[in-house]
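Please read the structure below before turning to the comments.
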Amino acid sequence: MSGPGNWGPAGGSPWADPATPTEPGAPYAGPPPTVAPYAAPPAYGYPPPYAAVPPWGPPAPYGYPLPPRRPQRPGQVITAAVLAFAQAVVVLIASLYLWFFASIADVAVAEAGAPYSPTALNALANEGVTLAVVQLLSVVLLIGSGVWALNSRRRAAGLLLAGALAAQIVLAVYWAARLDSLIGGLGTEGTIAAFSLFFAVGPLVGLGMLLIGPGRHWFGRAAPA
């Protein structure tokens, strides 16, 4: 029994001291968890980038790949052929006029009162007819070579077009010399030069485009078209 001033049994009570274990075993760990722990808050900053967007356009065709594209014809070759066609039109008109005037040369000279003998008139008429035939043949050559150059890469096509244009330059020089021998010295030198330049400028430009730059390397560098 305890004394009058003390309550309870003698000695200390284990419930009175928190440090004194009451029963053997692991210490109290708190109530059991009832919810999942909170997740970590998201980090600050820009969101991660999206995946790459596929390019727009039609899908690639199935089967074998397309063959490589054929090389494009240079503009110099096309321009030279067009100039050959234009020269053919001009020479055709001039040849028809020449043929017409050669057929009536004797009548025209007689009405003008020029002192030409019948032999000289016949020579001029024959020369006019011959030149008209030659120029008509050159028209056929210009058209044929221009068409061939636009549809082929053969070296012969380029050489034929260059030869047709060079023939026009030769004809222009011939006309300049012939007209100067007929009507030269009468103040017509400027007219003769302008006439010859008119027939020579187109072939000169076309020939230069075939001999310089891409036009020179176009023919004969690939399989014939």
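Read-outs: derived from the displayed coordinates by stated rules, not from any lab. Being a predicted model, the structure only gives us computed values, none of them experimental. FYI the Cβ positions are ideal-geometry reconstructions off the backbone, even for glycines, and counts take in every protein chain you see.
Points worth noting:
- Between Trp148 and Ala123, the modelled labels are 3.7 nm apart [label points 7 Å from Cα along Cα→Cβ].
- Full extension of the segment from Val89 to Val133, taken as 0.36 nm per residue of separation minus the current Cα-Cα distance, would add 14.4 nm.
- Distance in nm between pseudo-label sites at Ala194 and Tyr97 (7 Å out along the Cβ direction from Cα): 1.3
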